[in-house]
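Visitor: Input: one structure, supplied below.
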Amino acid sequence: TIEDGTYTIKSALNENYVIDVAGGSTANWANVQLLTNNRMNNQKFNVKYLGNGYYKIIAVHSGKSLDVKDARIANCTNVQQCEYTGNDAQKWWIKDAGNGYYNIISKLDNIKTLDVYMAQAGNGTNIQVCDLVNNTAQKFKFEKVVEEKPKQTIEDGTYTIKSALNENYV
């Protein structure tokens, strides 16, 4: 449903909030939450198609996978990051939900989807899995990360560099 690449994953509740690995942790079992988009690497995910309809979603900063805690299929089970092992708790069906949004459904049972706790977009709001009811708390937009590469903005040469605060200082 989407091409392989690096993405930020925005909440349909408020697109200023994105999926984030708490505190930029690189540890196994670090919590996954919503946070205001700050464009840091703990809010960027490499999405790779595995075949048979499933993807792995890997945090750029840690190289760890989105993972359903303890591979549980109960409602309100926490989502965390963990070393990728290829188990079903780390495989996701990215299902088109319309209008540019997607449900991110666990392979564990194909009805548990990423869900924003209490449908509240806010800093630190937990991400969990719950039965798919296709409400706004379960819809996400994948925005491709385009890294801007630095370009030469001035010609090579010898310059005097003046302060913008006071041009008498160089």
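Visitor: Note down, for segment 125-165, the three equivalent ellipsoid semi-axes (square root of 5 times each alpha carbon gyration tensor eigenvalue), biggest first, whole angstrom.
Guide: Working: eigenvalues 505, 43, 12 Å².
Here the semi-axes work out to 50, 15, 8 Å.
Visitor: Let me have the relative contact order for the chain, percent, based on Cα pairs under 8 Å that are six or more residues apart.
Guide: Details: 404 pairs, mean separation 39.6, N = 170.
23 percent.
Visitor: Determine the sum of side-chain charges near K64: Lys and Arg each +1, Asp and Glu each -1, restricted to other residues whose C-beta is under 12 angstrom from that of K64. Walk me through the numbers on the way to the answer.
Guide: Working: positive: K56; negative: D67, E83.
In short, -1.
Visitor: By the scheme Lys and Arg +1, Asp and Glu -1, what is the net charge of all other residues having a beta-carbon under 11 Å from that of K107? Present the calculation step by step, with values, prior to reporting the outcome.
Guide: Values: positive: K56, K91, K112; negative: D88, D109.
Here the count lands on +1.
Visitor: While we're here: Please report, largest first and rounded to whole Å, the three semi-axes of the ellipsoid equivalent to segment 44-98, where each semi-axis is the square root of five times an eigenvalue of the C-alpha gyration tensor.
Guide: Details: eigenvalues 53, 49, 24 Å².
Result for segment 44-98: semi-axes of 16, 16, 11 Å.
Visitor: Further, regarding this structure: Run the simple label-point estimate for K95 and E143 please: 7 Å along Cα→C-beta, distance reported in nm.
Guide: According to this spin-label approximation, the distance is 2.6 nm.
Visitor: Determine the equivalent ellipsoid of segment 1-61 by diagonalising the alpha-carbon gyration tensor, then write out the semi-axes as square roots of 5 times the eigenvalues, largest first, rounded to whole Å.
Guide: On the way: eigenvalues 78, 44, 19 Å².
The answer is 20, 15, 10 Å, longest axis first.
Visitor: Additional query: If you place +1 on the Cβ of every Lys and Arg, -1 on the Cβ of every Asp and Glu, and leave all else neutral, what size is the dipole of the chain about its Cα centre, to the nearest 20 Debye? Each step should come with its number before you reach the end.
Guide: Numbers: 18 positive and 18 negative charges, 47 e Å.
About 220 debye.
Visitor: What's the whole-number percent of alpha carbon pairs in the chain lying beyond 25 angstrom?
Guide: On the way: 4698 of 14365 pairs.
Result: 33 percent of Cα pairs exceed 25 Å.
Visitor: Counting only heavy atoms of protein chains, what accessible area per residue, in Å², does the chain have with a probe of 1.4 Å?
Guide: Numbers: 9440 Å² over 170 residues.
Computed with neighbouring chains in place, this is 56 Å² per residue.
The values are calculated or read from the model by the stated rules, or taken from the named source; none is laboratory data. This one's a predicted model, so the numbers in the text were calculated from it and none came from an experiment. Quick reminder, even Gly has a Cβ in these numbers, built from the backbone with ideal geometry, and neighbours come from all protein chains shown. These area figures cover heavy atoms from the full protein model, side chains too; ligands, DNA and RNA do not enter into them. Shrake-Rupley method; radii C 1.70, N 1.55, O 1.52, S 1.80 Å.
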